[in-house]
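A quick write-up on the structure given underneath.
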Amino acid sequence: MHAPIIERVVWEKIQKKRGTTRKRTKSNGEKNMFSGLLVCADCGSNLFYHFHQGNPNITYFNCSGYNRGSRKICSSTHYIRTDFLEQLVLGEIKRLTKFVMQYENEFANIVMGNSIKAAEQEQQARQKELSSLKTRDKELDVLFERIYEDNVCGKISDDRFAKMSVKYEIEQKEIQIKIKELEIEINATKNKSVTSDMFLRTVRKYTRAKKLTPRMLNELIEKIEVHQSEKIDGKTVQRLTIHYTCVGVIDIPDLDKIPENNVSIHTRQGVDVHYAPCAG
């Protein structure tokens, strides 16, 4: 047996994410490592991968909610160039690893707080879903009694009663299975201690990273919210909110020895776009 390269919890989370997101490809079949990770900060839709028809070397993402014709649900494109995205995400990871190396105790405190907060939010969501399922389970008991009485009184036929009872039975069985699964998950979360060590070990692996890789993205980042670019003090600024795996958004304090991420790009429209981090 060998020590795992990646923590089990992180691996399971990545597999779950991969199972629910569809990798977008260009027309030539090429995939991009950011596919499935980018979401619109305004409408929550996934960002889709494209290439510029006039220059295939330029690839970019934009909001799928903006490209739905009459079913458009987003008012802005949230356009972001892939090369720009790679530079600024690598820059944020470098800042993060620098923070870990220089201020490990402060980093551990932030991560611990984020882990606890994320676990509490997840637990609340499960409890809410569990309560809703239990309410529906009781409603189905009442509905079954009601149609039974209506059948006895002759208000509904035997055929109608049989169809409705089968329908209610199937729904109730599915609900009861889900209730048991949620109760197991809730109890498992209560018994699991939250620690920052797991994320710390993952971050330390990339202290000397010079290039962004799919593996690095999958291990460190859960999702990236892309904000619409905007004019600030005469500059066009692009903001991102990076959600790191298991710990969420990490606000790196303004400390000595932590470099700023001064990334900018000259776009095809002749505009310089500058990056600015955005806290959650």
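Ordered by the number of other Cβ atoms lying within 10 Å of each residue's own Cβ, fewest first, 52, 227, 78 fall into the sequence 52, 227, 78.
Spin-label model, residue 75 to residue 128: label points 7 Å out along the Cα-to-beta-carbon direction sit 2.5 nm apart. When Rg and the Kirkwood radius Rh are both evaluated on Cα atoms of segment 207-256, their ratio Rg/Rh stands at 1.05.
In the structure shown, do any of 180/223; 31/235; 138/163 have a Cα-Cα gap over 24 Å, and if so which?
The pairs that break the limit, which is 24 Å between Cα atoms, are 180/223; 31/235.
Ignoring aspartates and glutamates fewer than eight residues from residue 167 along the same chain, the ones with Cα atoms less than 15 angstrom from its Cα are 137, 139, 141, 145, 158, 159.
Using Cβ counts within 10 Å as a stand-in for footprinting exposure, how do 59, 207 rank, fewest first? Before the final figure, lay out each step's value.
Numbers: 59 18, 207 13.
Result, fewest neighbours first: 207, 59.
For segment 113-191, the Cβ-based charge dipole about the Cα centre amounts to some 220 debye (Lys, Arg positive; Asp, Glu negative; other atoms uncharged). Phi angles of segment 141-151 translate, via the Karplus equation with coefficients 6.51, -1.76, 1.60 and θ = phi - 60°, into HN-Hα couplings of 4, 5, 5, 5, 4, 5, 6, 5, 5, 5, 5 Hz per residue; Gly and Pro are given as x.
Throughout, read-outs are computed from the coordinates displayed, never taken from laboratory work. As the structure is a prediction and not an experimental result, all values here were calculated from the model. Cβ sites come from the backbone with ideal geometry, for glycine too, and all protein chains shown count toward neighbours.
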